[in-house]
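Presented below is the structure to which this report refers.
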Amino acid sequence: MTTTGLGETHAESHPGAGPTPSEALRLYESMMLIRRVEERLRDDSAAGKLPGAVHLYIGEEAVAAGVCAHLSARDYATSTHRGHGHFLAKGGDVRAMMAEIWAKREGICRGMGGSMHVADISRGILGANGIVGAGLSIATGAAFGAKLDGDGKVSVCFFGDGASNQGVLMETLNISALWQLPLVFVCENNGFSEFTPAAQVTAGRIADRARAFSVPAAEVDGNDVTEVWRAAGEAIGRARDGGGPSFIEARTYRIQGHFEAESFVLGSGRYRDSEEIEAWRQKDPIAQFRTRLQASGTVSAADLDRIEASVHDRVADAVAYAEAGQPADPELAETLMFAPEEA
Ligand SMILES: Cc1ncc(C[n+]2csc(CCOP(=O)(O)OP(=O)(O)O)c2C)c(N)n1
């Protein structure tokens, strides 16, 4: 892990020990739940069962899991168009999310939002968002509210390398540094903005944008959940203690297309080769973590297998729940969009 500008005081409060065995099992479960949900959505999308597009997070699970392990339902998180993993890692209900993606009345937004708008305000999940970079300003507003409340809540903003080129990143870095807001920027650098490699549109090192505002920044291997977990623990701890914002750039890779069925858009066009995808498959965050956990002897293969079996059942149950749900009610559009007039 390369870390720059991270204060000694906070390093001492997180002495660098890895997760305890029970924390490691929770991280494994969190990543595995995201993976199995996304695989199921991939398959159901290919089968033409889903009503809309889905942007999948396969390969990036360690980022959401490693960061959200330090958050409670009182804390805030904003997400992106690739938001299922953030929703689940932050404690969102898998049934309600699946029903939302299936556009069912039982969905977390009553089926009116779909994949790109999964949100649960009661758990601090301020929403996936189809507008690239929009979560940055929402998370900053939430951090400002948390600072005014003064009760130790933290706000986390997940965004991509493409979003890091939006002007709003500079605005939110500036104001959060100036006002010392309890905000953690988490850039998921997966190397692409839609079909454009980052090298063609992104100048310099993304983490340096934060350093220009004297915001402590860490660059981590986003496929190593322990590294993400450590950096996030430090950054979130600092925010909770009144130490202001921090920035984490997690380098990772998206294994699936920008969205499922992207080949219909691209035709015979290609923007990456299969060797590159295969090389990143070899760095699978979940398989790597499992191998390491077993080698260290901290948890048993049986424990990990039990988690996999229970995740399998939860996902099957969530899909059955979504399939059996009632279609969303278009009549609700107006009442859900506008607050009732004051009497
Ligand atoms: C403001 C805005 N501009 C453009 C788009 C079209 N768009 C959708 S996703 C995307 C790429 C975003 O890349 P990145 O932030 O790196 O996230 P990733 O898809 O890699 O997770 C773009 C340009 C949009 N949705 N919103």
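Observations
- Relative contact order, whole percent, for region 42-163 stands at 26, derived from Cα pairs under 8 Å and 6 or more residues apart.
- Overall form of the chain per C-alpha gyration tensor (a/c, 1.5; a/b vs b/c): rounded
- Among complete DSSP H helices in the chain, those whose alpha-carbon atoms stretch at least 15 Å along the helix's long axis and whose mean Kyte-Doolittle hydropathy reaches 0.5 are 134-149, 167-178.
- Relative contact order of region 167-282, pairs being alpha-carbon contacts under 8 Å that are 6 or more residues apart, as %: 35 percent
- Sulfur and carbon atoms: percent of accessible area, the chain [1.4 Å]: 53 percent
- Sorting the segments 163-173, 301-311, 94-104 by their mean number of nearby beta carbons within 10 angstrom, highest to lowest, gives 94-104, 163-173, 301-311.
- For region 108-119, putting each phi into the Karplus relation 6.51 cos²θ - 1.76 cosθ + 1.60 with θ = phi - 60° gives couplings of 4, 10, 6, x, 8, x, x, 3, 7, 9, 5, 8 Hz, in residue order, rounded to whole numbers and with x for Gly and Pro.
- Working ranking of peptides 270-279, 286-295 by packing, defined as the average number of other Cβ atoms within 10 Å per residue, highest first, is 286-295, 270-279.
- Reachable lysines from LYS283, criterion Cα separation under 30 angstrom, eight or more residues apart if same chain: LYS90
- When the chain is treated as a GNM with alpha-carbon contacts under 10 Å, the residue of ALA65, ALA177, ALA232 showing the greatest mean-square fluctuation is ALA177.
- Gyration tensor (alpha-carbon) shape descriptor, region 172-292, a/c threshold 1.5: oblate
- For VAL54, the amide hydrogen comes within under 5 Å of the amide hydrogens of GLU260, counting only partners 5 or more places away or on other chains and with H modelled in the peptide plane.
- 1.4 Å probe accessible area per residue over the chain, in Å²: 44 Å²
- Centroid-to-centroid, using Cα positions, region 113-142 and region 21-45 are 21 Å apart.
- Length-normalised contact order for the chain - Cα pairs under 8 Å, 6+ apart - percent: 24 percent
- Stokes-Einstein translational diffusion, region 35-106 - Kirkwood Rh over all Cα pairs, 1.567 mPa s, 4 °C, in µm²/s: 101 µm²/s
The values are calculated or read from the model by the stated rules, or taken from the named source; none is laboratory data. Quick caveat: nothing in here was measured; it's all calculated off a predicted structure. All Cβ positions, even for glycine, are placed from backbone atoms using ideal geometry, and neighbour counts span all protein chains on display. Just so you know, the surface numbers come from the protein's heavy atoms only, side chains and all, with ligands and any DNA or RNA stripped out. Shrake-Rupley method; radii C 1.70, N 1.55, O 1.52, S 1.80 Å.
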